[in-house]
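Structure record follows, encoded as structure tokens.
The values are calculated or read from the model by the stated rules, or taken from the named source; none is laboratory data. None of these values were measured; they are calculated from a predicted model. Every residue, glycine among them, receives a Cβ derived from its backbone with ideal geometry; neighbour counts consider all protein chains shown.
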Amino acid sequence: MPAAPGFKDHFSAQSAGYARHRPHYPGELFAHLAGLSGRRLAWDCATGNGQAAVALAEYFDRVIATDASRAQIDAAVFHPAVSYRVATAEESGLRENSADLVTVGQALHWFDTERFFAEASRVLVAGGVVAAWCYELCTVSPGCDAAVGRLYADIVGPFWPPERRLTEERYAGIVFPGTELAAPEFDMTARWSVDGMLGYLRTWSACQQYRRKHGDDPVGLIEDELRRAWGASAQTVRWPLTVRVARL
């Protein structure tokens, strides 16, 4: 099955890179969300490589994980409690009043949010919960952050899709339905070598767009600078998460 129709596909070409190089969300996030709802069925929307779906499977009887990209689904992590499907956020194919929780990790900004929230309301049981989170630039050290910031803004800045602005605003402009719930602060962290960081940077959609236009790797333009600032040892990389949660 190909990607779902109408899908703005920024990620299929680097789906294997996503599976290898994307950081993992903190377990505390999923424990918190599971504590807000029933635990029969969770729908993980725009699942990507399936990392959130697999984490949810530790708390829910079943998880249905959808993504509009067939390539992402094909690269997703297997778990016996997770069912993967190709579907858009706005037309999930899930039964009405079937899910206790709907989650969206680093993807809400790609959706038609009005249609997605209508679909989430249809799919959720009464009192069900929808949660979405995003992150922006990571932090490592002043020297590393300067190199990554130059890549982000100066080199591939013009190649970010306009939807990226919503993550920079931490989803502040998105109106959630229902009753919004306060969420604790969560950080995503990874302990990486410089090569791990370089691999992650190459998964950026703007880097892929730059490569398609210019034919070369934009990450290479900051690689020497980043290696000097990073050093030979592994470093801790930190992404503060913005988490929005609402009960419908």
Would you be able to say whether some residue in the range 142-159 is more than 19 Å from Trp204 (Cα to Cα) and of a type outside the set (Asp, Glu)? yes
Among Ala172, Ala147, Ala120, which is buried (at least 17 other Cβ atoms within 10 Å of the Cβ) and closer than 29 Å to Leu41 by Cα? Ala120
Any chance the range 17-25 includes a residue that's in contact with a helix residue (DSSP H, G or I) (Cβ under 8 Å, 6 or more places away or on another chain), at pLDDT 95 or above and either surrounded by 20 or more Cβ atoms within 10 Å (Cβ to Cβ) or assigned to a loop (DSSP other than H, G, I, E, B) (or both)? yes
Checking Gly50 against (1) small (Gly, Ala, Ser); (2) surrounded by fewer than 21 Cβ atoms within 10 Å (Cβ to Cβ); (3) at pLDDT 95 or above, which single condition isn't satisfied? (2)
Given the condition touching a residue at least 12 places away in the same chain (Cβ under 8 Å) and either at positive phi or in a helix (DSSP H, G or I) (or both), answer yes or no: does some residue in the range 212-219 qualify? yes
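With Leu201, Leu181 as the choices, which residue is touching a residue at least 40 places away in the same chain (Cβ under 8 Å), touching a Lys or Arg at 6+ places or on another chain (Cβ under 7 Å) and of a type in the set (A, V, I, L, M, F, W, C)?
Leu181 is the lone residue from the list that is touching a residue at least 40 places away in the same chain (Cβ under 8 Å), touching a Lys or Arg at 6+ places or on another chain (Cβ under 7 Å) and of a type in the set (A, V, I, L, M, F, W, C).
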Return the pair list, or none, for Cβ contacts closer than 9 Å from residues in the range 84-96 that are among the aromatic types (Phe, Trp, Tyr) to residues that are surrounded by fewer than 19 Cβ atoms within 10 Å (Cβ to Cβ), at least 6 apart or on different chains. Tyr84/Asp74; Tyr84/Phe78
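With respect to Ala131, is the statement that it is closer than 16 Å to Ile174 by Cα and not in a helix (DSSP H, G or I) true?
In short, yes.
Does the range 67-81 hold any residues that are under 23 Å from Asp112 (Cα atoms) and either within 13 Å of the chain's Cα centre (by Cα) or of a type in the set (Phe, Trp, Tyr) (or both), and which are they?
Hits for the range 67-81 are Asp67, Gln72.
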Residue pairs within 6 Å by beta carbon, gap of at least six or interchain, first lying in the range 25-45 and under 14 Å from Gly127 (Cα atoms), second of a type outside the set (Gly, Ala, Ser) and loosely packed, with under 14 Cβ neighbours inside 10 Å, listed first then second, are Arg40/Asp61
How many residues of the range 53-68 are out of contact with any Asp or Glu (no Cβ under 8 Å at 6 or more places or on another chain), crowded, with 23+ Cβ neighbours inside 10 Å and over 20 Å from Thr88 (Cα atoms)? The answer is 1
Taking the range 79-115 as the region of interest, how many residues are of a type outside the set (S, T, N, Q), surrounded by fewer than 17 Cβ atoms within 10 Å (Cβ to Cβ) and closer than 22 Å to Arg244 by Cα? 4
Would you mind finding the one in Leu124, Leu166 that is farther than 23 Å from Gln208 by Cβ and touching a strand residue (DSSP E or B) at 6+ places or on another chain (Cβ under 9 Å)? Leu124
Quick one: which strands (runs of 3 or more DSSP E) lie wholly within the range 30-114 and hold at least 1 residues that are within 23 Å of Tyr135 (Cα to Cα)? 41-45, 62-67, 99-105
If we scan the range 134-142, do we find a residue that is buried (at least 16 other Cβ atoms within 10 Å of the Cβ), among the hydroxyl-bearing types (Ser, Thr, Tyr) and over 30 Å from Trp230 (Cβ atoms)? no
